[in-house]
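Everything below concerns the one structure shown next.
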Amino acid sequence: MTNTTGYGAPMSDAAAERDAPTRLPRDPFGTIAIVAGTAVAALSIYVFQVIAGRSLGTTDFAPIGVIWSVQFLVFTVLDVPVEQYVTRRLTIGGGRWISDRRAVVATVIPLTLGVIIGTAFVLATRDRFFGGSAAFAAVMAGLLVSRAVASLGRGSLVGRRRFRAYGGSLGLEGAVGVALAAAVATTNPTTLAFAAILPISPLVVFLTRPFRPSETMPVLATSVPAGYAFLWALVAATAASQIILASGPVVVGFIGGTAAAISVIFVTFSLFRSPVTSSYPLVARVLPDFTAIAAAGDDRRLNLLTVRLGAAGAAAGVLFGFLGWILGPAVVELLYGSEFAPSSSIAALAAAAVGFALASLFLNQIYVARGETGRLAAIWWTALAIASATLLMVDGEPVERVAVSFLIGEAIALVLLVWVAVASHRRSTDVGAIEAEQY
């Protein structure tokens, strides 16, 4: 006689009894809230950048582009892994996290490191990118602190399956950012003024009371390690992936691009990679379920998801590239003005790479769910090495070289993510309790 898990996988009655905690509650309205909040947040980013770009022009907008790119790198490399770590711990451990001192230390270290690195970067490059003004360093510090707090809060929300609050915080943050940008544009439209409002909107997460304890979550394991090795391997993987995805404006500047070229690559890459950046909340939505599937030992289902995501990513890359070639320059010009418009080839390369990156973002979560962040790091650093070699070997203008290396890096990563996941889990194994994972 057999039974099924909450995810439909057949198993014996004994296995069903053991894995009963993996039956997590469904919340379709929470998913809708996340999708809606994500849409509002993505649109708000566009509107903020359009308001600032049209108010400042390409040259004065360049510092905003650099700040946005650097904070995005720090946020995705150090803050997002912490958010996922908190989510995973709460999913496995039944909604308990902040009472574990070692877990708190494990999260505080990378968040603090992010603030230090971002602020130091601005200070070190203030003459190159910020007109010699150290005030932008204070802006960066404030922005990274507020991002760190928001990451802890949102990790706590989704780890406790408070998806509606999570979605609401996303939408409200975007709306506040747009309102502040509009106020600056009509009163004091300077580069520093636009930058100074960036740290404010992430703090709206406090309105959701994200650290409120919950006693209703099922426990998937009785003992959950603090996971330093797990977390830092995830940080390493995310670092490589985000360097490929988001470092374009900074790289263009370092290899000889003008301020105008930095602005062009920033608005183009930011606009086109919005499907990826706006999908981080959706990743937060699927990670708890992926984790429960992995805890139940259903490798067959995870492998099937891997193959499907890889195929979808390949198709998206082709489709996005075609649309980028046909529509990309016109869309950028419409939103930002003709001085920001890229060539058709740059638009196509960037759009195709984003199609690959979108699938890779979800594939990453399968490795996180399985606790295989070491393998994930090896894959992304291999892709980064190949992308870097491409940047050095390709001839052309700085913007062209960066776009080509972006495409190559994302394509290699997508192939490796699918191949390694399936090859290392060809035979389904009943791993049982999550504490058997290697940290």
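The values are calculated or read from the model by the stated rules, or taken from the named source; none is laboratory data. Predicted, not measured: the structure shown is a model, and the values here were computed from it. As a convention, Cβ positions derive from the backbone with ideal geometry for all residues, glycine included, and neighbour counts pool all protein chains shown.
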Requested in this report: Determine which single condition Val331 fails, assuming it passes every other condition in (1) modelled with pLDDT under 90; (2) farther than 30 Å from Ala52 by Cβ; (3) in a helix (DSSP H, G or I).
Outcome: (2)
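Within the group Ile379, Ile386, which residue is in contact (Cβ under 8 Å) with a residue 60 or more places away in the chain and either within 30 Å of Asp289 (Cα to Cα) or surrounded by fewer than 24 Cβ atoms within 10 Å (Cβ to Cβ) (or both)?
Details: Ile386 fails: in contact (Cβ under 8 Å) with a residue 60 or more places away in the chain.
Exactly one residue qualifies, and that residue is Ile379.
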Report summary line: Residue set Gly114, Gly159, Gly153, Gly65; condition under 17 Å from the mean Cα position of the chain (by Cα), within 24 Å of Arg273 (Cα to Cα) and not basic (Lys, Arg); output residue Gly114
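Could you say whether any residue in region 124-139 is among the hydrophobic types (A, V, I, L, M, F, W, C) and either under 20 Å from the mean Cα position of the chain (by Cα) or outside the structural domain of Val86 (by TED's automatic domain parsing) (or both)?
Pass one, region 124-139, residues among the hydrophobic types (A, V, I, L, M, F, W, C): 124, 129-130, 134-139.
Adding the requirement that they be either under 20 Å from the mean Cα position of the chain (by Cα) or outside the structural domain of Val86 (by TED's automatic domain parsing) (or both) leaves none.
Within region 124-139, not a single residue is among the hydrophobic types (A, V, I, L, M, F, W, C) and either under 20 Å from the mean Cα position of the chain (by Cα) or outside the structural domain of Val86 (by TED's automatic domain parsing) (or both).
If you check Val402, Val368, which single one turns out to be among the aliphatic types (A, V, I, L, M), under 19 Å from Ala260 (Cα atoms), touching a helix residue (DSSP H, G or I) at 6+ places or on another chain (Cβ under 8 Å) and part of a helix (DSSP H, G or I)? Spell out the reasoning first.
Numbers: Val368 fails: under 19 Å from Ala260 (Cα atoms).
Only one candidate qualifies: Val402.
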Requested in this report: Find the residue count for region 308-318, including only residues that are in contact (Cβ under 8 Å) with a residue 24 or more places away in the chain and closer than 15 Å to Gln365 by Cβ.
Outcome: 4
Query raised in the report: Failed condition for Tyr166, given (1) under 26 Å from Phe136 (Cβ atoms); (2) crowded, with 22+ Cβ neighbours inside 10 Å; (3) touching a Ser or Thr at 6+ places or on another chain (Cβ under 8 Å), with all others met?
Result: (1)
